[in-house]
1. Name the residue that is surrounded by the fewest Cβ atoms within 10 Å (Cβ to Cβ), counting only residues in the range 127-143 that are farther than 21 Å from Ser21 by Cα and touching a residue at least 12 places away in the same chain (Cβ under 8 Å).
2. For the range 107-136, how many residues meet the condition of being more than 16 Å from the ligand (Cβ to nearest atom), of a type in the set (Asp, Glu) and over 23 Å from Leu169 (Cα atoms)?
3. Quick one: in the range 142-173, of everything that is of a type in the set (Asp, Glu) and not in a loop (DSSP other than H, G, I, E, B), which residue is farthest from the ligand (Cβ to nearest atom)?
4. Out of all the residues in the range 73-82, which are of a type in the set (Ser, Thr, Tyr) and surrounded by fewer than 18 Cβ atoms within 10 Å (Cβ to Cβ)?
5. Which one of Ile83, Ile116, Ile105 is over 23 Å from Leu37 (Cα atoms) and of a type in the set (A, V, I, L, M)?
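The values are calculated or read from the model by the stated rules, or taken from the named source; none is laboratory data. All figures in this text were calculated on a predicted structure; none of them were measured in a lab. Note that each Cβ is placed from the backbone with ideal geometry, even for glycine, and that neighbours are counted across all protein chains shown.
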Amino acid sequence: MDNKNKAIIENDLILIGGGHSHLSVLKAFILNPIKGLRITLISDVYQTPYSGMLPGFIENRFTLDEILIDLYKFSSIGNFRFIKSTVKGIQGKKQLIELENRPPIHYDFLSINIGIVNDKTKIIGAEKYALTLKPISKINYSELTNKLENKTIGIIGAGPAGVEVALALKKGLLIVKFTYFVVKKAF
Ligand SMILES: Cc1cc2nc3c(=O)[nH]c(=O)nc-3n(C[C@H](O)[C@H](O)[C@H](O)COP(=O)(O)OP(=O)(O)OC[C@H]3O[C@@H](n4cnc5c(N)ncnc54)[C@H](O)[C@@H]3O)c2cc1C
């Protein structure tokens, strides 16, 4: 490439976590690129499910392939750098991100969206008996679809996701019996 066509990098924006939030951010940068801004996506996984389609997967409307987004391919569409690694730390004063098995990288701007992890230790027995949908990269897809036929299912948390999942299970597996546990706020 001749020097005239080389893009000059003025700033580095690093996005940690290749989930729902950053996919929307990347889509916005694909539609409206900023000259001189190099964007790097760091994720500890290559693929992420689109959570809005998870109920459709449970319902057997979509296959696993259809709900998974390839982060490497997605990044290449927008000419973003993609780094598959786990972020281990951030050195704020030096503006460095520490990565597992790689040298640290510099950032000018940083965005962190690494999702949530269900704290199953707060519910006795949950570690052994409950399936969780978070962290999203650790979903056990086969348990979710294969072993629930004709079972009674207890769903902890009756927010929009809990209700969507319940309806999807009912439609996809013909399960008729549900118990909802609504977690009350303590204030
Ligand atoms: C069944 C269901 C349906 C939903 N439907 C919708 C919907 O229709 N619309 C909507 O807006 N929301 C929906 N949500 C909520 C939505 O999934 C969350 O709000 C969203 O996933 C949060 O986005 P996030 O990018 O912060 O985290 P996530 O999507 O959880 O992604 C975090 C990513 O960061 C990675 N990561 C974690 N730690 C590190 C690390 N140290 N280094 C590198 N990478 C790391 C993880 O592997 C993961 O890929 C739904 C949720 C569920 C459970």
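1. Step one: of the range 127-143, the residues farther than 21 Å from Ser21 by Cα are 127-131, 140-143.
Subset that is touching a residue at least 12 places away in the same chain (Cβ under 8 Å): 130-131, 141, 143.
On the way: Ala130: 13, Leu131: 12, Tyr141: 14, Glu143: 10.
Looking at the filtered set, the residue picked out is Glu143.
2. Within the range 107-136, residues that are more than 16 Å from the ligand (Cβ to nearest atom), of a type in the set (Asp, Glu) and over 23 Å from Leu169 (Cα atoms) number 1.
3. Start the filter on the range 142-173 by keeping residues that are of a type in the set (Asp, Glu), which leaves 143, 149, 164.
Subsequent filtering for residues that are not in a loop (DSSP other than H, G, I, E, B) retains 143, 164.
Values: Glu143: 15, Glu164: 6 Å.
Restricting to residues being of a type in the set (Asp, Glu) and not in a loop (DSSP other than H, G, I, E, B), the top hit is Glu143.
4. Step one: list which residues in the range 73-82 are of a type in the set (Ser, Thr, Tyr), which gives 75-76.
Once the filter is applied, which keeps residues that are of a type in the set (Ser, Thr, Tyr) and surrounded by fewer than 18 Cβ atoms within 10 Å (Cβ to Cβ), the range 73-82 yields only Ser76.
5. Checking each option against the conditions leaves just Ile116.
Yes or no, residue by residue, for (1) exposed (fewer than 15 other Cβ atoms within 10 Å of the Cβ); (2) of a type in the set (A, V, I, L, M); (3) modelled with pLDDT of 95 or more:
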position: Leu37; (1), (2), (3): no, yes, yes
position: Ile42; (1), (2), (3): no, yes, yes
position: Gly52; (1), (2), (3): yes, no, no
position: Phe57; (1), (2), (3): no, no, no
position: Leu64; (1), (2), (3): yes, yes, no
position: Leu68; (1), (2), (3): no, yes, yes
position: Leu71; (1), (2), (3): no, yes, yes
position: Lys84; (1), (2), (3): no, no, yes
